[in-house]
Each structure stands twice: as structure tokens, then as C-alpha cells.
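The values are calculated or read from the model by the stated rules, or taken from the named source; none is laboratory data. Not measured: the values here are computed from a predicted model. Here Cβ is always computed from backbone atoms with ideal geometry, including for glycine, and neighbour counts include all displayed protein chains. Side chains are part of the model used for accessible areas, which takes the heavy atoms of the whole protein and leaves out ligands, DNA and RNA. Shrake-Rupley method; radii C 1.70, N 1.55, O 1.52, S 1.80 Å.
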Amino acid sequence: MLVLGIESSCDETGIALYDSDAGLLAHALHSQVAMHAEYGGVVPELASRDHIRRVVPLLRQALARSGRRLEAVDAIAYTQGPGLAGALLVGSAFAEALGFALGKPTLPVHHLEGHLLSPLLSADPPAFPFVALLVSGGHTQLMRVTGVGAYELLGETLDDAAGEAFDKSAKLLGLPYPGGALLSRLAEGGRPGAYELPRPMLHSGDLNFSFSGLKTAVLTLVREQGENPGEGFKADAARAFQDAIVEVLVKKALKALKQTGLKQLVVAGGVGANRQLRAALDEAARRRHWRVYYPELEFCTDNGAMIALAGALRLQAGAAAREAGAFAVRPRWTLDFSGA
Ligand code: KG4
Ligand code: ZN
């Protein structure tokens, strides 16, 4: 079965072709980061317009790389939500129109389902069941994943997402958008322990997170420095921020493993690219004979491959593709399919 995947929920347009026998055949991606950087964050209307510009050329690119013809596609999977309404509409309308024109069925996919299944694209994939730690720009969640379509929400952030906290703190330190990866590089040159920042909800007893207070603590730290804080200060502050957020994420992920009795952790979403987080999780897991799985770096952030994969796995698991045509997007959509 050949599945075309389309992702357009935020600031990346992703197209991919996944074959249930041969695996991922090709994917093509365009990131709008450079376009939004000028404004210090994603501008939704610009995002939508750019998705419109990119979607057809990217489809052609992916098809050429895959060596398959559009007519060979069996089903079209696309991100229905959560995300920016206008951006989602572009991918959804494109997918449904294409399906209608080709006479192929469509399958709306939950963006976070794509993220949490993305490690299955690796050469050494995890087996079900596992705990998933989803840490992206818009979400921070712990889920128990017992199979395709069986996701139970264990805990989530009550305010800012982990990636959002990284990006906002980076901005406070004068780094350009999206600053998460830049902050983490800066932190590598910072002195551990130069500053202490709070670890919000570390001892809350549940699996929820809160990061807005941490961001405020960075703001206070920056203000105390007055005008023109030096590079040394920025690196130390970045380190203090990263130490705090990594400790909370690791502690809660371990708690989720203990609580569920599972021994495999899957880390997905953009923050999963963070080296300090990976090192800390790997170290904690090694001591307990648990295992941590990550998507390939290129599939940590948004992409079409994870959507094509999620679509193919869902269809294989018996989900019904629908006749293409009418559609609706779901900008807010929680991923708790445990009862489904
Ligand atoms: O999963 P993703 O591409 O987008 C959403 O679905 O939200 O994640 C993007 C987020 C951004 O907040 C970005 O700053 C963060 O992931 N990110 C990082 C790193 N690389 C990307 N955060 C910390 N360390 C990194 N190395
Ligand atoms: Zn994402």
C-alpha cells in the first residue's frame, strides 16, 4: 500500500511517500523558519500563503525521488490538527482535492500521532508498548502507547510547551527565532551552577508540567543584569535554563515509566533533538536497563514522513480511509485515543 503524507500544521510544508512493504520511499520538506524569523515568531497568514506556494512543487519533488507515479498512490494521509487553522486548511484542502481528482481515499491524521510514531521510521524501531515523551514547540505530553491508535494521555503541560519555553527564553537572551537549538548550543559553553533556576512542578506528584514560571525566572535574571549582559552571562543563563528544564523532563519521563511498568521510552518532537536531554535520558535509562528511542534527527521536527507513516499504520490496523471530498480541520484536538 502506497500512502502519500501531507503536513502543513505550522511552519513546515512536508510531503512524503510511504510504502507499507518498502518503507519510506521519499520525502520533501520546506521550512518557513527564515521567513518568520524577521517577525520573531510564526505569522499565521504568511504561513498559510507559503504552504500554498510550496505544496505542489514539493509533491513533484517527492514523487520524482520516489520513482512512483501519482496514480500509484493508494491513499492520502494529511494532518487535520492540531495546529494553525489556516495552515491546516491548506494541507487538508489540497489532500481532499487531490483525492477527489484521483478517486483515492483520504485519511485525516493527528499531528502528534505522527510525532509519536516517528521513531518507527528508524532502522532500529521500538516495539509496542512504550511511553512517549512528546516535546515540541506546541506540546509537552507523556503518553502510554499500547499500539497504533491506542494512546493514553498520562500528563501534559499546564501552560507553555517545552519548545515554547526554549524559544521564549532564547528570545529573552537576545537570540533570533526560533531560538531553541541556538540556546542549547549556547548552554554548552555555560558554567553549570552559575545560576539556579526553579524546577516547576518537579515534586507535584503527577505527570504534568508547567514552564511559564521558568521563562519568567529567566526574564528576572536578564533584568538583573541591566543593559548589555555579556556573552558569558548569556551562556551561563542558557545553561541554568537547560539544566532546569532537562531535569524536569527526565524526572517526569522516569516517573511515567515507573508508573506504567514499561521499559521503553520514545522521545519525539523538536526538543527531542536536544543533546543534553538525550544524554540525561540515556544515562538514567542505562542505569535501570531501560531503553530510549529517538526519531532520526530529520524526523524530530515537523515533516511529511511521519504523517505518511501514521496514515499507513492506521490503514494497516484497520482504520477506514474515507471517500475524498468534504473536510474540516481541527486546530485544537487532544490525542487521547485510549477509549477509541
Ligand atoms: O516538533 P516541532 O518541529 O514543532 C512543533 O510541532 O511544535 O518542534 C519545534 C520546537 C521549537 O520550539 C524549537 O525551538 C525546538 O523544537 N527545538 C529545540 C532544539 N531543536 C529544536 N529545543 C531545544 N533544543 C534543541 N536542540
Ligand atoms: Zn510538530
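Table for the structure above
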quantity: Accessible solvent surface per residue of segment 38-105, calculated while the other protein chains remain in place, 1.4 angstrom probe, Å²; calculated: 48 Å²
quantity: Cα gyration tensor, segment 301-340 - rounded (a/c under 1.5), prolate or oblate; calculated: rounded
quantity: Expected 222 nm ellipticity per residue - DSSP helices of 4 or more, -39500 (n - 2.57), all of the chain, to 500; calculated: -13500 deg cm²/dmol
quantity: Normalised per residue, the volume of the convex hull around the Cα set of the chain (Å³); calculated: 128 Å³
quantity: Debye, to nearest 20: dipole size of the chain, +1 on Lys, Arg Cβ, -1 on Asp, Glu Cβ; calculated: 540 debye
quantity: Under 5 Å, built H, 5+ apart or other chain: amide partners of ASP160; calculated: PHE211, SER212
quantity: At most 13 other Cβ within 10 Å, DSSP loop - trypsin sites (Lys or Arg not before Pro), segment 1-98; calculated: ARG69
quantity: Sulfur and carbon atoms: percent of accessible area, the chain [1.4 Å]; calculated: 53 percent
quantity: Angle in degrees between helix 275-288 and the longest Cα principal axis of the chain, rounded to the nearest 10; calculated: 90 degrees
quantity: Between 0 and 90°, nearest 10: helix 162-172 axis offset from the chain longest Cα axis; calculated: 50 degrees
quantity: Trypsin sites (Lys or Arg not before Pro) restricted to DSSP loop in segment 247-340 with at most 14 other C-beta within 10 Å; calculated: LYS263, ARG332
quantity: Accessible area in square angstrom per residue, segment 217-340, 1.4 angstrom probe; calculated: 47 Å²
quantity: Segment 1-145: C-alpha gyration tensor shape, a/c 1.5 cut-off, then a/b vs b/c; calculated: oblate
quantity: Reachable lysines from LYS251, criterion Cα separation under 16 angstrom, eight or more residues apart if same chain; calculated: LYS263
